[in-house]
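These notes are about the structure you will find just below.
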Amino acid sequence: MQFEEMGNKNGKTLMLLPGTACDWQTNFGNVLDALGKKYHLICVNYDGFDGGDLIFPDILSVTAKIEKYIRDNHGGRVDGAIGSSLGSTFVGQLIMRRNIHIDHGIFGSPDLDQSGKFSARLQAKLVVPLLAGIAGNEKRKAWTRNLLKKTFEMNDETADRFVECFSKFRPESIRNEYYTDLLTWLDKDIHVEGTRIHFIYARRMGEKYLKRYLKYFREPEIRAFDMQHEQWLFGGEKYAVPVLKAIDEFMETECS
């Protein structure tokens, strides 16, 4: 596991948790400077995605390591945590387990998919080869690059950065991360005193995801944006600026 702290050391603490098959350098690279001007950032890379030799084990084992870091280095509490896509699973688990405290849990347009073992195996067999198969295959890299540019309006530099990120991690880590995320369930109607729940809702994902947010968390604050899944992180300023403003407003909200 890699934990790197940076940004405004006098600001509120804000943990950044990247999504599937990604590291924080790539996932949050386009907004890191903007966030760091205001917040004391705690950037996390999971086992298997940190440049080390370990394979990503499972969601709950990694969640426990994050909890330990927060206890050992921040007195068991952070002001906020942003989970990008799959990273939101960690935010949800950290809040639900109540081993540490987060004032503001910010969920970056997650799908919050949950399934049984048979369905999870089937989905992993279909999806993981698409991500893990990019490495060393120039045609696959080019296809992925064009898809990212077309779907998310990424520029060439950002698309290249994401393709290279997907290419450098071991298939075993990608599989374990994707598979165990599907098996890691959230309770319904989660409510923790002193914690506010905030969702960045990408309307273009569809309303079924909005229903899930309301299912798993009691009275979350949901901000809707006309964008694709997590497009604010790689689609340019027209998407990033309003979401960054919303994050500031989330972090300033009084917790009760």
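Computed from the coordinates by the stated procedures, all read-outs in this text should not be read as laboratory data. Please read these numbers as outputs of a predicted model, since none were measured by experiment. Positions of Cβ are generated from backbone atoms using ideal geometry, with glycine treated the same way; all protein chains shown enter the neighbour counts.
Restricting to segment 215-256, give me the number of residues that are acidic (D, E) and assigned to a strand (DSSP E or B).
Step one: of segment 215-256, the residues acidic (D, E) are 219, 221, 226, 230, 237, 248-249, 252, 254.
With the extra rule that they be assigned to a strand (DSSP E or B), the set shrinks to 221.
So the count comes out to 1.
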Could you say which residue among R140, R196, R161, R121 is charged (D, E, K, R) and in contact with a His (Cβ under 8 Å, 6 or more places away or on another chain)? R196
For segment 68-79, how many residues meet the condition of being touching a residue at least 12 places away in the same chain (Cβ under 8 Å), more than 14 Å from E5 (Cα to Cα) and of a type outside the set (D, E, K, R)? 1
Which count do you get for residues in segment 27-52 that are in a helix (DSSP H, G or I) and either of a type in the set (K, R) or buried (at least 21 other Cβ atoms within 10 Å of the Cβ) (or both)? 4
Restricting attention to segment 33-87, which residues are farther than 19 Å from K168 by Cα, of a type in the set (S, T, N, Q) and touching a strand residue (DSSP E or B) at 6+ places or on another chain (Cβ under 8 Å)? N73, S84, S85
Some residue of segment 88-101 being more than 28 Å from D226 (Cβ to Cβ), polar (S, T, N, Q) and touching a Phe, Trp or Tyr at 6+ places or on another chain (Cβ under 8 Å): no
Does R212 satisfy being within 23 Å of P18 (Cβ to Cβ), within 18 Å of the chain's Cα centre (by Cα), touching a residue at least 24 places away in the same chain (Cβ under 8 Å) and assigned to a strand (DSSP E or B)? no
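Got a sec? Which of I55, I102 is crowded, with 23+ Cβ neighbours inside 10 Å and touching a Lys or Arg at 6+ places or on another chain (Cβ under 8 Å)?
Working: I55 fails: crowded, with 23+ Cβ neighbours inside 10 Å.
Step by step, each of I55, I102 is checked, and only I102 is crowded, with 23+ Cβ neighbours inside 10 Å and touching a Lys or Arg at 6+ places or on another chain (Cβ under 8 Å).
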Please return the ranges of helices (runs of 4 or more DSSP H) entirely within segment 87-195 where 3 or more residues are of a type in the set (V, I, T). 87-97
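A quick yes/no check of all residues on (1) in contact with a Leu (Cβ under 8 Å, 6 or more places away or on another chain); (2) of a type in the set (D, E, K, R):
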position: R97; (1), (2): no, yes
position: H104; (1), (2): no, no
position: F107; (1), (2): no, no
position: A124; (1), (2): yes, no
position: L131; (1), (2): no, no
position: A142; (1), (2): no, no
position: M154; (1), (2): yes, no
